[in-house]
1. Given the options V75, V28, V47, V22, name the one that is closer than 24 Å to E189 by Cβ and aliphatic (A, V, I, L, M).
2. Kindly check whether there is at least one residue in the range 215-223 that is surrounded by fewer than 16 Cβ atoms within 10 Å (Cβ to Cβ) and farther than 26 Å from E167 by Cα.
3. If you go through the range 87-126, how many residues are under 26 Å from F279 (Cβ atoms), in contact (Cβ under 8 Å) with a residue 24 or more places away in the chain and among the polar types (S, T, N, Q)?
4. Looking only at the range 21-32, count every residue that is in contact (Cβ under 8 Å) with a residue 60 or more places away in the chain and surrounded by fewer than 18 Cβ atoms within 10 Å (Cβ to Cβ) and tell me the total.
5. List pairs: first in the range 127-138 and β-branched (V, I, T), second near ligand 1 (Cβ under 9 Å from one of its atoms) and part of a strand (DSSP E or B), Cβ under 6 Å, 6+ apart or cross-chain?
6. Are there helices (runs of 4 or more DSSP H) fully within the range 27-132 with at least 3 residues that are more than 16 Å from ligand 2 (Cβ to nearest atom) and over 19 Å from the mean Cα position of the chain (by Cα)? List them.
7. Is it the case that the range 51-65 has a residue that's of a type in the set (V, I, T), buried (at least 21 other Cβ atoms within 10 Å of the Cβ) and either in contact (Cβ under 8 Å) with a residue 12 or more places away in the chain or under 18 Å from A125 (Cα atoms) (or both)?
8. One residue is enough: does the range 148-165 have a residue meeting the conditions free of Cβ contacts under 8 Å to residues at least 40 places away in the same chain, within 14 Å of ligand 2 (Cβ to nearest atom) and under 19 Å from I81 (Cβ atoms)?
Amino acid sequence: MPRALITGITGQDGLYLGELLVGRGYEVFGLVRGQSNPKVATVERLVPGVVLLEGDLTDLPSLIGAVEISQPDEVYNLGAISFVGLSWKQAELTGETTGMGVLRVLEALRIAGGNDLSRVRFYQASSSEMFGKVRETPQRETTPFHPRSPYGVAKTFGHYLTVNYRESYGLFACSGMLFNHESPRRGIEFVTRKISRAVARISLGLQDSVSLGNLESRRDWGFAGDYVDAMWRMLQQDTPDDFVVATGETHSIRELLDVAFARVGIEDWSGYVRSDPRFFRPAEVDVLVGDASKAREVLGWKPRVGFHELVEMMVDADLAAERAEVSHTGSAHPDTVVGGLERNWTAAP
Ligand code: NAP
Ligand code: F7E
């Protein structure tokens, strides 16, 4: 039975990947941080048989311990401070977790993995945010990087480290340059889920409006369930390599709003959307669109869920969740009343 260690198993991708690996006969180990992580129950429900290990990407000894206990054939490093907006407000933490965390996982493999590093296969969750202020369109594996946020800079560091450990130590290390991928499990701080949830709540009369930042930026949005399959495929190849994973389509936040509101029968959403300076970024990534030809040709991977289907899936899931919450408690969940976590944010620098 192959053994896989996943950092970030409590996140969107960690849950989908854990499900996929269990379904493919793996013994799955997941790193969980904190002394009482509220997401443990969800992981245990969705990833049956998972073995959870306490550890943190900022704590090397805990990572060495996780590698020693799990003795993994495959390591998926998905853990990160992944919210770009937060990375300006907590730049040092982002550097420590999203950047230096990669170094610590790689060193844990070197320290605990013995001399033969080629036995372990390593996946690094790199990002289209590395392309940032893009030098060519569409972006491919060879496109130069120009990150626009502390998050993007930290991911670029992690990407080059992954390449370097492959070249220095013969580690089977792959970097997946994944473009935005979403799902009903997406965190409520990200724009797709913020909108899908707001649209559901507005249509149910639980919320009047949603406050957003830049509506003009464009992203290449795919479905997270499709993207974790690409991660797994990278580690099944004969040789390690880096791959762009994307749909090849780009859409603006306005188009996202069109599709999401149309799902609940609202054609003109202008009265429901407010502009709020807190949600504009100090430096924006204006447009991203990926060329995943290499992943298609080498990995045999292609996305199954398109943009409209993805947005509708998310709105439908939020409608069901909000209805269930109301029928269960008689009112909306207090954390969700005026926009969840984002309610407490102070202005971006
Ligand atoms: P996510 O939902 O935000 O999950 C992030 C995970 O990292 C959570 O499990 C979180 O744990 C964990 N984490 C944060 N700080 C940690 C620390 N100090 N030690 C250990 N674990 C820590 O992100 P996602 O969307 O699943 O993305 C997975 C990975 O892919 C991330 O590295 C992200 O940067 C990258 N990525 C994502 C996308 C995308 O569009 N989703 C695109 C490209 C790359 P808690 O639950 O305890 O907070
Ligand atoms: O923003 C704009 C915002 O936070 C998308 C992460 O998974 O994908 C994700 O990063 C766009 C940006 O995702 C709001 O300015 C407007 O242009 O959903 P997002 P992201 O920054 O693209 C990459 C590939 C990753 O690697 C990351 O980990 O939407 N936008 N108004 C807004 N964004 C948010 N969050 N909230 C708003 O109110």
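The values are calculated or read from the model by the stated rules, or taken from the named source; none is laboratory data. Given the structure is predicted, the values throughout are model-derived calculations rather than measurements. Cβ sites come from the backbone with ideal geometry, for glycine too, and all protein chains shown count toward neighbours.
1. On the way: V75 fails: closer than 24 Å to E189 by Cβ; V28 fails: closer than 24 Å to E189 by Cβ; V22 fails: closer than 24 Å to E189 by Cβ.
None of the others qualify; the one that does is V47.
2. Of the residues in the range 215-223, the ones surrounded by fewer than 16 Cβ atoms within 10 Å (Cβ to Cβ) are 215-216.
Still in the running and farther than 26 Å from E167 by Cα: 215-216.
Yes, there is a match, as at least one residue in the range 215-223 is surrounded by fewer than 16 Cβ atoms within 10 Å (Cβ to Cβ) and farther than 26 Å from E167 by Cα.
3. 5
4. So the first thing to find is which residues in the range 21-32 are in contact (Cβ under 8 Å) with a residue 60 or more places away in the chain, and the list is 21, 24.
Imposing the further condition that a residue be surrounded by fewer than 18 Cβ atoms within 10 Å (Cβ to Cβ) reduces the set to 24.
Matching residues across the range 21-32 total 1.
5. none
6. Numbers: elements: 40-46, 60-70, 84-89, 91-94, 100-112.
Correct list: 40-46, 60-70, 100-112.
7. Checked the range 51-65: no residue is of a type in the set (V, I, T), buried (at least 21 other Cβ atoms within 10 Å of the Cβ) and either in contact (Cβ under 8 Å) with a residue 12 or more places away in the chain or under 18 Å from A125 (Cα atoms) (or both).
8. Taking the range 148-165 and keeping what is free of Cβ contacts under 8 Å to residues at least 40 places away in the same chain, we get 156, 160, 164.
With the extra rule that they be within 14 Å of ligand 2 (Cβ to nearest atom), the set shrinks to 156.
Applying the additional criterion that residues be under 19 Å from I81 (Cβ atoms) yields 156.
Scanning the range 148-165, I find at least one residue that is free of Cβ contacts under 8 Å to residues at least 40 places away in the same chain, within 14 Å of ligand 2 (Cβ to nearest atom) and under 19 Å from I81 (Cβ atoms), so the answer is yes.
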